[in-house]
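Engineer: Shown below is the structure under consideration.
The values are calculated or read from the model by the stated rules, or taken from the named source; none is laboratory data. A quick note: this is a predicted structure, and the numbers were derived from the prediction, not measured. All Cβ positions, even for glycine, are placed from backbone atoms using ideal geometry, and neighbour counts span all protein chains on display.
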Amino acid sequence: MSARDWEKRVLAAEGAAAQAAEIEYELLLAGRLMALREGTGLSQRELAKRLGVSTRQPSRPELSGDTANSL
């Protein structure tokens with residue numbers, strides 16, 4: 001089975017396409033957040049300090065793409 005055939009088969013499952021779209025959106029958002037932080041010259045530690053949160057919180061969306069459960 002080719003990768004393309006496998007992808008079609010997986011996305012055919014009920015709710016899979018919506019879940020894949022949500023994951024893609026979260027990864028895009030995480031990338032944008034990281035680009036904005038880096039564009040300002042802030043480290044994750046400096047950003048956390050300014051936000052008044054633990055140093056782990058700014059890293060979570062950047063590392064995992066999990067923007068819904070971070071910050």
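Engineer: Among what's in segment 16-71 and is among the small types (Gly, Ala, Ser) and assigned to a loop (DSSP other than H, G, I, E, B), pick the residue that is modelled with the highest pLDDT.
Structural biologist: So, considering only residues that are among the small types (Gly, Ala, Ser) and assigned to a loop (DSSP other than H, G, I, E, B), the one modelled with the highest pLDDT is Gly41.
Engineer: Now, a different point. Give me the pairs: first residue in segment 41-57 and over 19 Å from Gly31 (Cβ atoms), second residue among the charged types (D, E, K, R), beta-carbon distance under 6 Å, and six or more apart or on different chains, which are they?
Structural biologist: Thr55/Arg45
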